[in-house]
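The values are calculated or read from the model by the stated rules, or taken from the named source; none is laboratory data. As the structure is a computational prediction, the values presented were derived from the model and not from experiment. Cβ placement follows ideal geometry from the backbone for every residue including glycine, while neighbour counts extend to all protein chains displayed. The accessibility values were calculated without ligands, DNA or RNA, using every heavy atom of the protein model including side chains. Shrake-Rupley method; radii C 1.70, N 1.55, O 1.52, S 1.80 Å.
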Amino acid sequence: MLMKKSVVTIAVLALLAVMSDTSYAQQKRMRDWCGSGPGVMKTGQWNAITDVPGVKVGHVTLKDGKDMCTGVTAVVPHDGNIFNNKVPAAVYVGNGYGKLAGSTQVMELGNIEAPVILTNTLNVAEGISGVIEWTLKQPGNEGVLSVNALVGETNDGTLNDIRSRFVTKDDVVKAIETASSGPVEEGCVGAGTGTIAFGVKGGIGTSSRVLPASMGGYTVGVIVQSNYGGILEIDGVPVGQLTKNYFFKDNILADVNGSCMIIVATDAPVDARNLERIAKRAIMGLGKTGGIAANGSGDYAVAFSVCPENLIVSGTPEYRPALLHNDDMSGLFMATIEAVEEALWDSLFCAETTAGTQGRVCGTIDKKEVAKWIKASHKAVGLDQKTSGLNNCKER
């Protein structure tokens, strides 16, 4: 979870790309750079977790170019009263060196009752406080005496003066209240402001997949906070090896310890048991990017369903959800893996060179060079760039 605190040398920075134009409206994602994305399934309209109906995302970014380099990201499952209309949910632990507050109640009861928060390691308490404050003031919650806040984290202490604990409960409330649908800002924003992955700048990434109508037409959306390591691989190209920028090499930022938070949402009618199975596949997506879930890495996947029929409504005598058969889960598994790997790669492609505490600087992957390698790789095996990884999943 903790990245090593050392100054990046000029030699290392030579391997990294210069800062790119990353204004929100002009952000270039993996597909923009490479001409395609991974996998064969269709993306949703925004290729984001917000393609799942009702799901919203909000960011608060705290950055001063010196010591403050952190933030908050909130994922709001639906527009209603979440506490009184809980969503079925599950948590899967890839490696447990982290602080996922509220996870045991989700595992025990199989639901989420508030927005999910991502932030840094030492501000988890403020994440909890913000969720509680927001939940208690919602109309209909006047009698609420217990709130389970699910707050995930990664350690941004290499670029952020994490001991100063810049995030406040008001920042958390603001992230929730400003959450919106539609396109999601990625890269160095919110909880991804100060994160590092594979020795280069990480951050927030998102993606989605839509199953064919014959498989239900359900949507799976993912958002990630990347701060982990291993040997980076992008769409089959061994980027870490080609750049000689990976764990065991000389780049002091290429540390396998870190963390990765993954949140998966779907509108499919599934319960906590099958949501846990979906969450397990999220870790498989992490593995496809070269992550190894190292000893000091907190790698967690949270999965929830917003299927209207399956919301857990307070005060009703029975819970009668609509559930897919186990035999119908494979499409959702595949969609999860594809969306997770693309979201993680997007977190790198949308990141920008970032200066942080104690004069440290972290650059990005060389996006032009990586895109060239990926296009050459596809050409070598006969994949057409106009169709490769773009909506190839056919009706069966």
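Per-structure values
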read-out: Condition broken by Gln45, with the remaining ones in (1) modelled with pLDDT of 50 or more; (2) out of contact with any helix residue (DSSP H, G or I) (no Cβ under 9 Å at 6 or more places or on another chain); (3) part of a loop (DSSP other than H, G, I, E, B); (4) surrounded by fewer than 15 Cβ atoms within 10 Å (Cβ to Cβ) satisfied; value: (2)
read-out: Within segment 51-107, considering residues that are in contact with a Lys or Arg (Cβ under 7 Å, 6 or more places away or on another chain) and not β-branched (Val, Ile, Thr), the one surrounded by the most Cβ atoms within 10 Å (Cβ to Cβ); value: Cys69
read-out: Condition check for Lys86: over 23 Å from Asn257 (Cα atoms) and of a type in the set (Lys, Arg); value: yes
read-out: Test: residue in segment 286-294 that is open to solvent by 10 Å² or more (accessible area, probe 1.4 Å) and touching a Lys or Arg at 6+ places or on another chain (Cβ under 8 Å); value: no
read-out: Set Asn155, Asn160: member being in contact with a Cys (Cβ under 6 Å, 6 or more places away or on another chain), over 26 Å from Ala371 (Cβ atoms), at pLDDT 95 or above and surrounded by 18 or more Cβ atoms within 10 Å (Cβ to Cβ); value: Asn160
read-out: Residue, modelled with the highest pLDDT, within segment 381-396, restricted to residues that are open to solvent by less than 50 Å² (accessible area, probe 1.4 Å) and either closer than 13 Å to Cys34 by Cα or part of a helix (DSSP H, G or I) (or both); value: Gln385
read-out: Selected residue [among the aliphatic types (A, V, I, L, M) and over 17 Å from Gly71 (Cα atoms)] from Val210, Val184, Val173; value: Val210
read-out: The lone exception for Asn141 - which of (1) under 26 Å from Ile278 (Cβ atoms); (2) touching a residue at least 40 places away in the same chain (Cβ under 8 Å) it fails; value: (1)
read-out: Number of positions in segment 168-182 that are in a helix (DSSP H, G or I) and surrounded by fewer than 16 Cβ atoms within 10 Å (Cβ to Cβ); value: 2
read-out: Residue in segment 242-271 that is surrounded by the fewest Cβ atoms within 10 Å (Cβ to Cβ), counting only those that are modelled with pLDDT of 90 or more and farther than 25 Å from Thr119 by Cβ; value: Leu242
read-out: Top-ranked residue of segment 319-374 - restricted to ones that are touching a residue at least 12 places away in the same chain (Cβ under 8 Å) and of a type in the set (Ser, Thr, Tyr), ranked as surrounded by the fewest Cβ atoms within 10 Å (Cβ to Cβ); value: Thr353
